[in-house]
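Just below is one structure, and these are the notes that go with it.
The values are calculated or read from the model by the stated rules, or taken from the named source; none is laboratory data. Quick caveat, the model's predicted, so the values are computed rather than measured. Cβ coordinates were reconstructed from backbone atoms using ideal geometry, including for glycine residues, and neighbour counts include every protein chain displayed.
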Amino acid sequence: MAIFKNINFKKILLITTWVVIGAGALTLLIVAVKEKAAKTCTGLDIEIVGATNNFFIDKKDISDIILHVTQTPVKGKRIHEIDLIAIENELKKDVWVSKAELFFDKDGKLMVEVEEKEPIARIFSTLGNSFYVDAKDNMLPLSNKHAARLPVFTNFPSELKVLTKKDSLLLKDIRNISAYITKDTFLMAMIDQVDIRSDRRFEMIPKVGEQTIFFGDANEMEQKFEKIKLFYKKVISKNGWSTYNTINVSFKDQIVATIKGAADVAADSLRTLQMMKALADYSAKMASDTTRSMIQESDKANDLSMILNSIPRDEPSVDTEPIAKPAIPTVNAPVVQKNITKTNTSSTKNIKQKPPSTTKKQKLSNDYK
C-alpha cells in the first residue's frame, strides 16, 4: 500500500492522454498524406495578374511551360508526381514573369498565379534597336503578341544587359518621366516622343505643333510638367502653334521660349483653338473611361490624330485680330538643336526629325499664370 501512495496517478493519466492524442494525430497525418499521394489532379486554373494595360504572356504560354516540365497534362496525374517547385522555377525563367505561385486546392485542382512584368516606356538605342523597360528597371524585349502604347524615348546610349552606373541612373530617369506622362491624360495626348541628348538631358516633341520642348534633367520634373501644361493652355492657345520654335522649362520658376520670327499669329489662332479643344475633349474622355482596353486606347489615339489632321489650315475670318505679345526682356537661354537618330526598327510611333532654326528668344512672365 505504501508503494501505491508514492505513485502520482494524475500525472500518469495526463501523460497517457497526451501520448494517445499525439499517436492519433500522427495516424491521421499519415492517412492524409497517403490519401493526397493517391489523389489525382482534377484540373488546372491559371490567373495572370500585375499587368493592367498590357498582356505579353497569356494562359496558353503558362500551360505550355507547365507541360514542358510535367511532360504530360497535369489533369489526371497523381498529385505527388507533380513537382511544384520545378514548375515555379521554370515559370520564373520567362522574361515576362515576375512571380509565380502554385498550390492545390481542396478539390485537387492545381492553382497557378503568375505576376506579369508590365513595361512603362519604350526605348530606342543610338544603334536603332528597341526594347521596353518596366517599373523595376528591367529591360524587356519587344513582343509579337502586343505593342504597348507608351511614351517613346530615343538615343539611349547602351544596349548592354548590365548597365554602367551612369546608364542605370539615366534609365531610372526615363522610368520616372514615363510614369509621370502615362498618369496624365493631357501629357499622353500631347507628347509624341522624348529624345535623349548627348549630355543626358531630355527634349520632348509634341504630337501637334512645331515646338521642341527642352526639359533638362529629371530633377523637379513635376514642376516642369506643370509649366509645360501651363504654357500650352495659357500661351499657345492665345499666340498660336506656329509662333514658338522652342520651349525651355529647365530654368527654375520661369519658362523661356524662342519665337520663330514673322509668324502670322492671326492666321494660326483659329486652328490653335480648335486643336486645344480637340485635345481637351480627348483628355477628358480618357480620364472618364477607366475600363477601356488597349484596343480602345489605340482607336482613341487614331481618332485624335484624324481629328487634329482634319482641322483646316485656312486663314481665319477677317474679324480675327492678331494677339499682341507682351514686351518682356530677353534672357540668354540656349537655343536647342535636335539630334535624333533615325531607325529602321518597326514602332508603334513615327520617330520625328526636325531641322534646327535660328530664332529670337522671349522670356514668358507671370502674366500667363
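I46: of a type in the set (V, I, T), surrounded by 14 or more Cβ atoms within 10 Å (Cβ to Cβ) and either at pLDDT below 80 or in a helix (DSSP H, G or I) (or both), yes or no?
No, not satisfied.
Across segment 135-172, which residue is surrounded by the most Cβ atoms within 10 Å (Cβ to Cβ) among those that are within 15 Å of F55 (Cα to Cα) and without any contact (Cβ under 8 Å) to a residue 40 or more places away in the chain? Talk me through it step by step, then tell me what you get.
We begin by selecting, within segment 135-172, every residue within 15 Å of F55 (Cα to Cα); these are 140-150.
With the extra rule that they be without any contact (Cβ under 8 Å) to a residue 40 or more places away in the chain, the set shrinks to 142, 144, 150.
On the way: L142: 18, N144: 6, L150: 22.
Going through the qualifying residues, I end up with L150.
Name the residue that is nearest to I181 (Cα to Cα), counting only residues in segment 106-137 that are within 12 Å of the chain's Cα centre (by Cα) and part of a loop (DSSP other than H, G, I, E, B).
Within segment 106-137, the match that is nearest to I181 (Cα to Cα) is A135.
Considering only segment 154-162, I want to know if a residue exists there that is modelled with pLDDT under 90, farther than 28 Å from Q223 by Cβ and aliphatic (A, V, I, L, M).
yes
Run down D199, D195 and say which single residue is without any contact (Cβ under 8 Å) to a residue 40 or more places away in the chain and in the same structural domain as K229 (by TED's automatic domain parsing).
Of D199, D195, the one residue that is without any contact (Cβ under 8 Å) to a residue 40 or more places away in the chain and in the same structural domain as K229 (by TED's automatic domain parsing) is D199.
So, A257, is that one hydrophobic (A, V, I, L, M, F, W, C) and farther than 27 Å from L171 by Cα or not?
yes
State all residues of segment 217-233 that are touching a residue at least 40 places away in the same chain (Cβ under 8 Å) and either loosely packed, with under 15 Cβ neighbours inside 10 Å or small (G, A, S) (or both); if no residue qualifies, say none.
Within segment 217-233, A218, E222, K229 meet the criteria.
Kindly establish whether S178 is touching a residue at least 12 places away in the same chain (Cβ under 8 Å), over 14 Å from the mean Cα position of the chain (by Cα) and farther than 30 Å from I65 by Cα.
no
So, of the residues in segment 73-120 that are touching a Gly at 6+ places or on another chain (Cβ under 9 Å) and of a type in the set (A, V, I, L, M), which turns out to be surrounded by the most Cβ atoms within 10 Å (Cβ to Cβ)?
Selected residue: V114.
Within segment 50-89, track down each residue that is of a type in the set (A, V, I, L, M, F, W, C) and within 19 Å of D105 (Cα to Cα).
Residues satisfying the conditions are I62, I66, V74, I79, I82, L84, I85, A86, I87.
Are there any helices (runs of 4 or more DSSP H) wholly within segment 151-248 with 1 or more residues that are of a type in the set (A, V, I, L, M, F, W, C) and under 17 Å from M139 (Cβ atoms), and if so which? Spell out how you get there, then give the answer.
Numbers: elements: 165-183, 185-190, 221-230.
Here the list reads 165-183.
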